[in-house]
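Trainee: Take a look at this one; I'll ask things after.
The values are calculated or read from the model by the stated rules, or taken from the named source; none is laboratory data. Everything numeric in this text was worked out from a predicted model, so none of it was measured. All Cβ positions, glycine included, derive from the backbone under ideal geometry; neighbour counts span all protein chains shown. Please note that ligands, DNA and RNA were not included when accessible areas were found on the heavy atoms of the full protein model with its side chains. Shrake-Rupley method; radii C 1.70, N 1.55, O 1.52, S 1.80 Å.
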Amino acid sequence: MKIYSLIVYFFILLFAPLMLGIINKTKAFFAGRRGAPLLQIYFDIIKLLRKERIYSRTTTTAFLLGPRVTLVALLTALTMIPFGKIPALISFPGDLFLLVYLLGTARFFTVLSAMDTGSSFEGMGSSREVWFSFLAEPALLVSFITLARHGEVLSLSSIYASLDYTLWREEFISLILIALVFSIILLSENSRIPVDDPNTHLELTMIHEVMVLDHGGPDLGLITYSAGLKLALFSVFITGLVPWPLSNPWAGSLIVALSLVAISLGVGVVESSMARLPLRKVTHFLASAILISLVALILSL
Amino acid sequence: MNLILWSVLFLSLSGLVSLLPGLPRKTEKTIIVISIGAASLLLGYASIVNLMGAVEIPGGVRFLWQVPLGSLFFRLDSLSALFLLPLCILPFFCSIFGHRYLQSHGGSGRTHWFFYNLLISSMVLLLTAHNSLLFLLAWEGMTLSSFFLILHNHGIRKVRKAGILYLSASHIGIAALIPLFILLGKYWDGYDFQIGTLAFENPGSGIILILAIVGFGLKAGIMPLHIWLPEAHPASPSHISALLSGAMLNMGIYGLLRILSFFKTLPASWGIVIILLGIISSLFGIILALIQKDLKRLLAYSSIENMGILFIGIGTGVLGAGLGIGSLLILGFTGAFLHMLNHSLYKGALFLTAGSILQGTGTTNMERLGGLFKKMPFTALAALLGTHAICALPPLNGFLGKAALYLAYLRSITSSNTVAAAVSSLLIFLLVLVGGLTLAAFIKFFSIPFLGSPRAREGEKATEVHKDLYIPALILSLLGPLLAFSTPFLYPLLEKPLLLFTPISNPLLQEEFSVFREMLLSILLISTCFLILLAILFCIRHYRIRNRILDYEETWGCGYIAPTPRMQYTGSSFVEPLETLFRSFLHIKTDQSLPKEYFPKESFYNKRSADPVYKALLPLFKYLHFFIHRLKWVQHGRIQLYILYILVTLIFLLFWIL
């Protein structure tokens, strides 16, 4: 079984940036454009990795840590993620906490490298990033412990293994609420509309993107790739909730792939059909995620 | 045990030696540092041997002492040994730091190191005292010596005020501890400590808990008993703040645990009380830390938060003991113990780096600093490691204590008890909230002074401090990763202190520990992968940039061509969104004159914040002061009349006995 986990792991590493391509293609379709090729992100990353390095005079080693720690944190976090019924590479009691805290480590160093430039725009982005994640993290963790309560298990792999038709029949409302929370967190953590707009051209309105304004060349390549990995990671949380009755790992991987495409399409549709929320409202949006997760938790008790 | 008494004697004697007039500064320094180093080695050896022993060593050392109610009864049990560990590490590094630090800060000179050694020896005595009177004497010795250490720069009015506040707060604590031990003495029929003898069903047990929480909570800085703490820490020299925060606050926690260990079994309601206090301290402590501009005040409030987490851990253990839930009991206490050790290390390191910043720049106000990473690289490295650890982020040690608590809650959630599951989920939720705020507060703590560019003159003229200042901080912060990688192998040392609180069957203990071991080993595996991958990425970068000249340009300013450092985000603006969320109970006063017309004239915006608890308690103290003022005629300073008081008391006591 471990070998399949390994295959799926590398499959995700390869496939993740494609999700960003699918989102952009969907958005182009809704806007009536032809859009960039699906594989454009790969070309971008390869081009960026080969470009020269230009740094701000203000920056220090902390600036270099940001993109690298983020990538490493995501690579190690993905080893703990089960892909549907296929268990994670590493699974142990309480791995969900390490997962959430590893994402915290990534955020810590991203914010530090943004603050390192001394730019007021990046300071603004960092401040907002910390603010939003303060609200998103509890919702994520409460949802996980609700799932753990349902399955009476301690690790992510066994949590997702325990999600079957019977559980869905018994705990339908709670699970639907959790899927909703995961979707909100996916949008917020990946800086998508309605929380943030990755494509905006005004620094003041950006949140996550503004934090990486001064990164260029290979550093930006790493950041772009990490963005794909992060999107894949949060998508797997949602797709894993669906109780596929599959035991065959190959069919399982196919399902994982298809569901990731579905999530990307969904994000594209949301981005094309919604506007960004005003900043004040983002607090309400994320606070509602916390409340929904707490309701799900109470239903599970 | 004898080793410890020898080391105490040694410490006190060398403290006395440092008082000798005409002793050259260098000799004094050598004597103090070597004596503390040697005592630390002895203490460390004794406590490690004690913790590694298979069973609790019965008995202790008793000396003849002609004092009514008291006896010189010393005993080192595993709980004392555990709390001795930070005392073997912190004082030594703080003393190296302090000698250099005081050279440029002046102050009262000689007596400083006498009181320093006295503080350490009284803390060691406190941990080993097994008699109520001895315990109280050591407690008072600790309070008084730390009072004099805080008053080091007593020429400054603010320092005197903080010192007096600390002294009065501590004596309110003593006022709770004396009746506590009298009450305990009634149950014991004597004043020697007796572990695991009392039943909580006794009528006075509730009072015992309340007195213990007031007395020891005051020392640990539990909210709302914390008001002395954020004043005393910034007022004292930095190595003293490090010692107070990393070692002395622990004594409050130790006191509470010691009282709990007197009981045969513990009720769940006590757990709830302790957890509630912990929640209040950790949540409000970190919110107040978030809005501080002074580095040392921020650290002081963060200590309140960490003490809150320790209370949550202890409360979880007590709750588990009361409800009979093994995971809460075992992993709750384990988490508290681990967190105590980790907190001592990283908070010590962070206070020392704050001291280095003060030394290198002349201020601890973060809004005047910036860009210190380039000017003080070693201090910055120590601060970065400490900040990383205090945010409880893997792969460093800060995460492990919290991980034990999380695992405890997760296990109780997945078991069937609904009440325990509800409490546990609530606690996970609160711990994550606190964690998010800690991240924000400490990103501010690190990034405002160290990153970006200098915001004012103080930041510009900064230079790296002397190696005696940054090396201790660096070593303390590097002990963090070391501890992180050795915890999976060392945690069984925590087994014996656990058994003091309630009888735990061995299979249960082994079951919980095996789950915890699995978690720790997997965390170790992932942390190792993490570090290896990170090293690989940096190697690739190194390989690709060799023989190339890197291009450096200005930071992108959105097309603006004349950016100034004053346009950077400040600490206050960084946390402004979070501050707005909690504005309702923060006392924030603004003073402003905003630009109005088309051609704006001079304008300003000034924001101050005060501790809401301090504000709330102020009227109470005013009343108290009013009444106590009436008694002032008793304290007139005339020795003859004081002798008369003593005489009258003695005669009264004589008649009492007759």
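Trainee: Could you run through the stretch B:423-453 and say how many residues are open to solvent by less than 10 Å² (accessible area, probe 1.4 Å), under 20 Å from B:T364 (Cα atoms), within 8 Å of chain A (Cβ to nearest Cβ) and among the polar types (S, T, N, Q)?
Mentor: Looking only at that region, the number is 1.
Residues are listed down the side, and each one gets a yes or a no for (1) in contact (Cβ under 8 Å) with a residue 12 or more places away in the chain; (2) out of contact with any Leu (no Cβ under 8 Å at 6 or more places or on another chain); (3) over 21 Å from B:L144 (Cα atoms):
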position: B:G206; (1), (2), (3): no, yes, yes
position: B:L225; (1), (2), (3): yes, no, no
position: B:S238; (1), (2), (3): yes, no, no
position: B:R258; (1), (2), (3): yes, no, yes
position: B:K264; (1), (2), (3): yes, no, yes
position: B:A268; (1), (2), (3): yes, no, yes
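Trainee: Looking at the stretch B:125-134, which of its residues are of a type in the set (A, V, I, L, M, F, W, C), in a helix (DSSP H, G or I) and buried (at least 23 other Cβ atoms within 10 Å of the Cβ)?
Mentor: Hits for the stretch B:125-134 are B:L126, B:L127, B:L134.
Trainee: Have a look at A:A161, A:A139 and point out the one that is surrounded by fewer than 24 Cβ atoms within 10 Å (Cβ to Cβ), over 30 Å from A:F63 (Cβ atoms) and more than 7 Å from chain B (Cβ to nearest Cβ). Lay out the reasoning, then the answer.
Mentor: Details: A:A139 fails: surrounded by fewer than 24 Cβ atoms within 10 Å (Cβ to Cβ).
Result of the check over A:A161, A:A139: A:A161.
Trainee: Looking at B:A336, B:A382, B:A389, can you tell me which residue is among the aliphatic types (A, V, I, L, M), part of a helix (DSSP H, G or I) and farther than 21 Å from B:G435 by Cβ?
Mentor: The conditions single out B:A382.
Trainee: Let me ask something additional. Tell me which of these B:I532 doesn't satisfy, since it passes every other one: (1) more than 8 Å from chain A (Cβ to nearest Cβ); (2) touching a residue at least 60 places away in the same chain (Cβ under 8 Å).
Mentor: In the conditions (1) more than 8 Å from chain A (Cβ to nearest Cβ); (2) touching a residue at least 60 places away in the same chain (Cβ under 8 Å), B:I532 misses (2) alone.
Trainee: As an exercise: evaluate B:S415 against (1) more than 7 Å from chain A (Cβ to nearest Cβ); (2) over 16 Å from A:L103 (Cβ atoms); (3) hydroxyl-bearing (S, T, Y); (4) crowded, with 23+ Cβ neighbours inside 10 Å and give the number of the one condition it does not meet.
Mentor: Here B:S415 clears every test but (4).
Trainee: Residue check, A:E171 against (1) in contact with a Ser or Thr (Cβ under 9 Å, 6 or more places away or on another chain); (2) closer than 18 Å to A:T110 by Cα; (3) more than 13 Å from chain B (Cβ to nearest Cβ), all met but one. Which one?
Mentor: With respect to (1) in contact with a Ser or Thr (Cβ under 9 Å, 6 or more places away or on another chain); (2) closer than 18 Å to A:T110 by Cα; (3) more than 13 Å from chain B (Cβ to nearest Cβ), A:E171 is out only on (2).
Trainee: In the set B:T487, B:T590, which member is more than 10 Å from chain A (Cβ to nearest Cβ) and outside any helix (DSSP H, G or I)? Walk me through how you get there before you give the answer.
Mentor: Working: B:T487 fails: outside any helix (DSSP H, G or I).
Result: B:T590 is the single residue among B:T487, B:T590 that is more than 10 Å from chain A (Cβ to nearest Cβ) and outside any helix (DSSP H, G or I).
Trainee: Additional query: Of everything in the stretch B:606-642, what is in a helix (DSSP H, G or I), farther than 19 Å from B:Y301 by Cα and of a type in the set (K, R)? Give them in sequence order.
Mentor: Passing the criteria: B:K622, B:R630, B:K632.
Trainee: Oh, and also: Could you please let me know if B:P203 is open to solvent by 20 Å² or more (accessible area, probe 1.4 Å) and within 22 Å of B:L288 (Cα to Cα)?
Mentor: no
Okay, residues lined up against (1) more than 9 Å from chain A (Cβ to nearest Cβ); (2) in contact with a Phe, Trp or Tyr (Cβ under 9 Å, 6 or more places away or on another chain); (3) farther than 21 Å from B:R455 by Cα; (4) charged (D, E, K, R):
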{"site": "B:R546", "(1), (2), (3), (4)": "yes, no, yes, yes"}
{"site": "B:E554", "(1), (2), (3), (4)": "no, no, no, yes"}
{"site": "B:I561", "(1), (2), (3), (4)": "yes, no, no, no"}
{"site": "B:T564", "(1), (2), (3), (4)": "yes, no, no, no"}
{"site": "B:Q568", "(1), (2), (3), (4)": "no, no, no, no"}
{"site": "B:S584", "(1), (2), (3), (4)": "yes, no, yes, no"}
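Trainee: A further question follows. Pick from B:A473, B:A420, B:A456: which is more than 9 Å from chain A (Cβ to nearest Cβ), closer than 18 Å to B:I325 by Cα and open to solvent by less than 30 Å² (accessible area, probe 1.4 Å)?
Mentor: Just one listed residue meets the conditions, B:A420.
Trainee: Further question on the same structure: If you go through the stretch A:61-97 one residue at a time, how many are part of a loop (DSSP other than H, G, I, E, B), open to solvent by less than 10 Å² (accessible area, probe 1.4 Å) and more than 8 Å from every other protein chain (Cβ to nearest Cβ)?
Mentor: Residues meeting the conditions: 3.
Trainee: Hey, any hits in the stretch A:271-283 for a residue that's under 29 Å from A:I145 (Cα atoms), out of contact with any Phe, Trp or Tyr (no Cβ under 7 Å at 6 or more places or on another chain), surrounded by fewer than 18 Cβ atoms within 10 Å (Cβ to Cβ) and of a type in the set (G, A, S)?
Mentor: No - not one qualifying residue is present in the stretch A:271-283.
Trainee: If you go through the stretch B:498-524, how many residues are part of a loop (DSSP other than H, G, I, E, B) and surrounded by fewer than 14 Cβ atoms within 10 Å (Cβ to Cβ)?
Mentor: Total meeting the criteria: 2.
Trainee: For the stretch B:611-637, give me each residue that is open to solvent by 100 Å² or more (accessible area, probe 1.4 Å) and either in contact with a helix residue (DSSP H, G or I) (Cβ under 6 Å, 6 or more places away or on another chain) or touching a residue at least 24 places away in the same chain (Cβ under 8 Å) (or both).
Mentor: Matches in the stretch B:611-637: none.
Trainee: Specify the residue that is nearest to the chain's Cα centre (by Cα); the eligible residues are those in the stretch B:502-530 that are aromatic (F, W, Y) and modelled with pLDDT of 90 or more.
Mentor: Only one residue fits best here, namely B:F516.
For (1) of a type in the set (S, T, N, Q); (2) farther than 30 Å from A:L49 by Cβ, each residue gets a yes or a no:
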| position | (1), (2) |
| --- | --- |
| A:S235 | yes, no |
| A:G252 | no, yes |
| A:V256 | no, no |
| A:I263 | no, no |
| A:S273 | yes, yes |
| A:I290 | no, yes |
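Trainee: Which of the residues spanning the stretch A:111-125 are assigned to a helix (DSSP H, G or I) and either within 15 Å of the chain's Cα centre (by Cα) or facing another protein chain (nearest Cβ under 7 Å) (or both)?
Mentor: The answer is A:V111, A:L112, A:M115, A:S120, A:F121, A:G123, A:M124.
Trainee: Search the stretch B:464-483 for residues that are assigned to a helix (DSSP H, G or I) and pair each with any residue that is polar (S, T, N, Q) and open to solvent by 40 Å² or more (accessible area, probe 1.4 Å) when their beta-carbon atoms are under 7 Å apart and the residues are at least 6 apart or on different chains.
Mentor: Qualifying pairs under 7 Å: B:L469/B:Q359.
Trainee: Then there is this: Filter the stretch A:99-110 for residues that are hydroxyl-bearing (S, T, Y) and either surrounded by fewer than 24 Cβ atoms within 10 Å (Cβ to Cβ) or at the interface with another protein chain (Cβ under 7 Å from one of its Cβ atoms) (or both) and give the result.
Mentor: A:Y101, A:T105, listed by residue number.
Trainee: Moving to a separate point now. Is there any pair linking a residue in the stretch B:638-658 that is surrounded by 10 or more Cβ atoms within 10 Å (Cβ to Cβ) to one that is outside any helix (DSSP H, G or I) and of a type outside the set (K, R), with Cβ under 9 Å and at least six apart or on different chains, and which?
Mentor: Between residues of the stretch B:638-658 that are surrounded by 10 or more Cβ atoms within 10 Å (Cβ to Cβ) and residues that are outside any helix (DSSP H, G or I) and of a type outside the set (K, R), the close pairs are B:Y642/B:H636.
Trainee: Provide a single number: the residues in the stretch A:142-154 that are within 19 Å of A:L89 (Cα to Cα) and open to solvent by 10 Å² or more (accessible area, probe 1.4 Å).
Mentor: 2
Trainee: Out of B:R548, B:R544, which single residue is closer than 30 Å to A:R53 by Cβ, in a helix (DSSP H, G or I) and open to solvent by 60 Å² or more (accessible area, probe 1.4 Å)? Even if it seems obvious, please write down each step before you answer.
Mentor: Numbers: B:R548 fails: in a helix (DSSP H, G or I).
Just a single option satisfies the conditions, and that option is B:R544.
Trainee: Filter the stretch B:73-107 for residues that are out of contact with any His (no Cβ under 6 Å at 6 or more places or on another chain) and part of a loop (DSSP other than H, G, I, E, B); which is least open to solvent (accessible area, probe 1.4 Å)?
Mentor: Filtering the stretch B:73-107 for residues that are out of contact with any His (no Cβ under 6 Å at 6 or more places or on another chain) and part of a loop (DSSP other than H, G, I, E, B), the one least open to solvent (accessible area, probe 1.4 Å) comes out as B:D77.
Trainee: Still on this structure, please answer the following. Against the definition (outside any helix (DSSP H, G or I) and crowded, with 23+ Cβ neighbours inside 10 Å), how does A:D197 come out, yes or no?
Mentor: In short, no.
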